[in-house]
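Please read the structure below before turning to the comments.
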Amino acid sequence: MPKLGLTMSEGLIAEWLVAPGDEVAEGQVLFVVETDKISNEIEAPAAGRITQVLVAAGETVDVGVAVALWTGPGQGAVHVADAPPAAAAKLAPLPVAQSGNRIRATPFARRLAERGGIALANIAGSGPRGRIQAGDVRAALAEKPATAKLLAKARDLRGLIAARVSRSKAEVPHFYLTADAVFDALIALRADLNADPAAPGKLSVTAFLAAAAARALKLVPEANVVWRDGQAVPLAAVGIGIAVDAPGGVMAPVIAVRGGIHALARDLDAAIERARTGRLGAADMREAALGISNVGMFGVRALAPIIDPDQSFMLGVGAPHVTFRLGADGQPKPVQEVTLTLSCDHRAIDGAAAARFLAAIVDLLEHPARLLIAHD
């Protein structure tokens, strides 16, 4: 079982795409692993032959545990004899297509069918004695128009996500800071930039939020840390996690911050698309001190989010609302404000440093033109 995330300790074998006796080529997908963050296809590092499957589809095992034996090099594999028929039968899923009123299918196949809106009873299974496998569901979905590919890749990871956030609330000592940021300048600048036909792409509010958070991490470097092995560990680079409302639940890819705001926006849009289509990979799980959860599009005033266990902060962003502030002439004037709530890991940072970090984010959002200047 490969380690696909910084704190991944176990993974679910969602599907085997090979069987004992199969000859495989380098780069061929062997099996699919699901974690609370991603669903990833694991490829063969070299050519070889699968001799024995040790972990059946639907089972969860710890990172580093052998899931199969093969004749290829690397990964600690050794040359072994083929598994005897009795052992192979013992490892196979229950070879029954239907028991009573229950149709037999792999857990992964059931999730694909549910998300694809297709009844298992209408699918012919190709597994042992008619058991429905993920490939059978994909074949059925391929006959459906438009959204077939999107639905076929969807994953229902609710249970794994629930376990992760429960662990975070149990293990991470959260504290919260709240501030309001005036968004008038940002709204005007974004509209002006997006109206320019020569612009390299459209900028979302979330792109400005990510750019401000990334710049603030450089201005307040004591915030660019994560808690590892009993100490706050500084990160060499700046990454920003983004909470995405995906079909299988909220996913949180991390983007590496490089170049100007338009480059960041392109990387952000690509990561969001991968999350929504179930194509997140190990590269989306890089290190980051902070994640952003923007619920403003739902009209929510504020959010106090749960910190990702891999990170030290989660920034909750609400919807703009009109309030009054004193202008330069001493008279009240209407402005649009957004409430920002910073959830902090008290192991990694203290209140004063976290307050400086949040203040830096607010200042950059209120002076967004500074975010157009690329910094190394």
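The values are calculated or read from the model by the stated rules, or taken from the named source; none is laboratory data. The model shown is predicted, which means the values in this text are computed figures rather than measured ones. All Cβ positions, glycine included, derive from the backbone under ideal geometry; neighbour counts span all protein chains shown. These area figures cover heavy atoms from the full protein model, side chains too; ligands, DNA and RNA do not enter into them. Shrake-Rupley method; radii C 1.70, N 1.55, O 1.52, S 1.80 Å.
Descriptive notes on the structure:
- Residues that are open to solvent by 20 Å² or more (accessible area, probe 1.4 Å), of a type in the set (Asp, Glu) and part of a loop (DSSP other than H, G, I, E, B) do not occur anywhere in region 235-250.
- Where strands (runs of 3 or more DSSP E) sit wholly within region 309-376, those with at least 1 residues that are touching a Gly at 6+ places or on another chain (Cβ under 8 Å) occupy 313-317, 332-345.
- Residue among Val300, Val335 that alone is surrounded by 15 or more Cβ atoms within 10 Å (Cβ to Cβ) and of a type in the set (Val, Ile, Thr): Val335
- In this entry, Arg215 passes the filter for residues that are open to solvent by less than 50 Å² (accessible area, probe 1.4 Å), of a type in the set (Lys, Arg) and farther than 20 Å from Ile161 by Cα.
- Condition check for Arg266: open to solvent by 30 Å² or more (accessible area, probe 1.4 Å), in contact with a helix residue (DSSP H, G or I) (Cβ under 8 Å, 6 or more places away or on another chain) and either of a type in the set (D, E, K, R) or at pLDDT below 95 (or both): no
- Of all the criteria given as (1) open to solvent by 60 Å² or more (accessible area, probe 1.4 Å); (2) modelled with pLDDT under 75, the one not satisfied by Glu59 is (2).
- Among residues of region 269-295, those that are in contact (Cβ under 8 Å) with a residue 40 or more places away in the chain, assigned to a helix (DSSP H, G or I), crowded, with 20+ Cβ neighbours inside 10 Å and out of contact with any helix residue (DSSP H, G or I) (no Cβ under 7 Å at 6 or more places or on another chain), counted: 1
- Per this entry, Val257 is not counted among residues that are open to solvent by 50 Å² or more (accessible area, probe 1.4 Å) and either closer than 17 Å to Val338 by Cβ or over 12 Å from the mean Cα position of the chain (by Cα) (or both).
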